[in-house]
Amino acid sequence: MAVKQQEQHPVIHQSVPVELNGRLLEPNRRIPLNLEWVEEIRVNTSAVERRASTIDTRRSVKKEWQAAWLLRAIACMDLTTLSGDDSAERVKRLCAKARYPLQRHIVEKLGIEELNLTTGAVCVYHAFVETAVKALEGTDIPVAAVSTGFPAGLSPLAERVQEIRRSVEAGAHEIDIVITRAHVFNGEWQALYDEVAAFKDACGAAHMKAILGTGDLLTLRNVARASVVAMMAGADFIKTSTGKEATNATIPVSLVMVRAIRDYAERTGMSVGFKPAGGIKTAKQALQWMYVMKDELGRPWLEPSLFRFGASSMLADIERQLEHYITGRYSAAYRHPIA
């Protein structure tokens, strides 16, 4: 029962050429802070909310096409554990799941053995970077570390920069940083730019995802402005949330951020990735965010190099949905443990 691979693109993790409106884009690099650009940004909140309400009604995929989209969601997932009771053994189990995200009988029934499907990355605290790197040895799965005083981001700047450097030295391929939200509240765009630029310098060759903490930013205009400043400062990805805020990833916030990415690409010729995180738990939600990416940015933004989910329990629901596709029955949730 081979699923129909979405537009015949394989599941891959490396960067691929990216086009937007027929223009070949380059990876993002730092540009000077343009305060006029930042200040001119406006967001029509009611229009964004109306558009968000149509996501499920404008696009839908069923049957084998839905199965293919869900496989893509797995490939774009940062399988994450960020709990106070994390342990080395839990991280090792999570890495084993990242290597083989679907049970063998599901892989065989779907006919996707040749895909060698894995998750997009494994995301952990700094203390477990070395454990994750060792557990993923021999694979192409990157290790992402949350850093810079995650989740509040309020420790001294020098400590936050040093934390990034330690994680990179330990083997992290990606760093998820958190911004100082007060810079956004106060309109301190130069301070925000300088902070993100310092973090990017500390990352070296590692990819940097800038977490905006959108649930704390009060307005969609703040979200849009913070997105643009982070991209100007060199962020490879912009990310909604730490997962620890009262409000995490939402469709309206995501629409604002991906439209900021599109505007940035059109103005600069450079591409930036997007990562929604926090509260994304079901296969249905995964499809909603993928619809947003396809509609707003196009097919290139459905690759792991430009799109990630911050999630863990979502994988179990996707696995259940795929088993239902091949058997016609839903299995018990306990049959699909994550770690």
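The values are calculated or read from the model by the stated rules, or taken from the named source; none is laboratory data. What you are looking at is a predicted structure, and each value in this text was computed from that prediction instead of being measured. Cβ coordinates were reconstructed from backbone atoms using ideal geometry, including for glycine residues, and neighbour counts include every protein chain displayed.
Of all residues in segment 1-34, count the ones that are more than 24 Å from the chain's Cα centre (by Cα), at pLDDT 85 or above and surrounded by 14 or more Cβ atoms within 10 Å (Cβ to Cβ).
2
Within segment 107-118, can you find the residues that are touching a Phe, Trp or Tyr at 6+ places or on another chain (Cβ under 9 Å) and either of a type in the set (V, I, T) or within 18 Å of V146 (Cα to Cα) (or both)?
Result: V107, T118.
Could you tell me which residue of segment 263-283 is nearest to the chain's Cα centre (by Cα), considering only residues that are under 18 Å from R29 (Cα atoms) and not in a strand (DSSP E or B)?
Among them, the one singled out is V272.
Between G273, G310, G269, G278, which is among the small types (G, A, S), buried (at least 16 other Cβ atoms within 10 Å of the Cβ) and modelled with pLDDT of 95 or more?
G273
Looking only at segment 35-55, count every residue that is closer than 18 Å to L255 by Cα, in contact (Cβ under 8 Å) with a residue 40 or more places away in the chain and over 25 Å from the mean Cα position of the chain (by Cα) and tell me the total.
Residues that pass the stated criteria total 0.
Please name all residue pairs, on different chains or six or more residues apart, with Cβ atoms under 6 Å, provided the first residue is in segment 193-218 and is of a type in the set (S, T, N, Q) and the second residue is in a helix (DSSP H, G or I) and surrounded by 24 or more Cβ atoms within 10 Å (Cβ to Cβ).
Close Cβ pairs (under 6 Å, with a partner that is in a helix (DSSP H, G or I) and surrounded by 24 or more Cβ atoms within 10 Å (Cβ to Cβ)) amount to T214/V223; T214/V253.
Taking the conditions exactly as written (in contact (Cβ under 8 Å) with a residue 24 or more places away in the chain, part of a helix (DSSP H, G or I) and of a type in the set (A, V, I, L, M, F, W, C)), does A246 satisfy them or not?
no
Going by the conditions given, is A67 free of Cβ contacts under 8 Å to residues at least 24 places away in the same chain and either of a type in the set (A, V, I, L, M) or within 30 Å of A233 (Cα to Cα) (or both)?
no
Pull up segment 112-124, narrow it to residues that are part of a strand (DSSP E or B) and aliphatic (A, V, I, L, M), then point me to the one that is farthest from A283 (Cα to Cα).
Residue satisfying both the conditions and the ranking: V124.
What number of residues within segment 122-158 are at positive phi and among the small types (G, A, S)?
3
Looking for something β-branched (V, I, T), at pLDDT 95 or above and either in a loop (DSSP other than H, G, I, E, B) or in contact with a Pro (Cβ under 9 Å, 6 or more places away or on another chain) (or both) - is there at least one such residue anywhere in segment 140-152?
yes
Can you say whether A145 is surrounded by fewer than 24 Cβ atoms within 10 Å (Cβ to Cβ), farther than 15 Å from V229 by Cβ and not polar (S, T, N, Q), as far as the supplied structure shows? Outline the logic, then answer.
Numbers: surrounded by fewer than 24 Cβ atoms within 10 Å (Cβ to Cβ): no; farther than 15 Å from V229 by Cβ: yes; not polar (S, T, N, Q): yes.
Considered against the rule, which asks whether it is surrounded by fewer than 24 Cβ atoms within 10 Å (Cβ to Cβ), farther than 15 Å from V229 by Cβ and not polar (S, T, N, Q), A145 comes out as no.
Need at least 2 residues that are surrounded by 14 or more Cβ atoms within 10 Å (Cβ to Cβ), touching a strand residue (DSSP E or B) at 6+ places or on another chain (Cβ under 8 Å) and not hydroxyl-bearing (S, T, Y) per element, so show me which helices (runs of 4 or more DSSP H) inside segment 56-111 make the cut, counting only ones lying wholly within it.
88-99
Kindly provide the set of residues from segment 218-245 that are over 16 Å from the mean Cα position of the chain (by Cα) and within 26 Å of T81 (Cβ to Cβ), ordered by number.
E245
Among the numbered conditions (1) closer than 22 Å to I112 by Cα; (2) not in a helix (DSSP H, G or I), tell me where R320 comes up short.
So R320 meets the others, but not (2).
Going by the conditions given, is T139 closer than 20 Å to R308 by Cβ and either touching a helix residue (DSSP H, G or I) at 6+ places or on another chain (Cβ under 7 Å) or among the aromatic types (F, W, Y) (or both)?
The answer is yes for T139.
Kindly list, by first and then second residue, each pair from a residue in segment 314-339 that is over 20 Å from T81 (Cα atoms) to a residue that is at pLDDT below 90 and of a type in the set (A, V, I, L, M), limited to pairs with Cβ atoms under 6 Å and residues at least 6 apart or on different chains.
These pairs meet every condition: I326/M1.
For (1) aliphatic (A, V, I, L, M); (2) under 19 Å from the mean Cα position of the chain (by Cα), each residue gets a yes or a no:
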| residue | (1), (2) |
| --- | --- |
| H105 | no, no |
| G111 | no, no |
| L115 | yes, no |
| A121 | yes, yes |
| V143 | yes, yes |
| S155 | no, no |
| I164 | yes, yes |
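Only one of (1) surrounded by 18 or more Cβ atoms within 10 Å (Cβ to Cβ); (2) in a helix (DSSP H, G or I); (3) not basic (K, R) is not met by Q190, so which one is it?
Here Q190 clears every test but (1).
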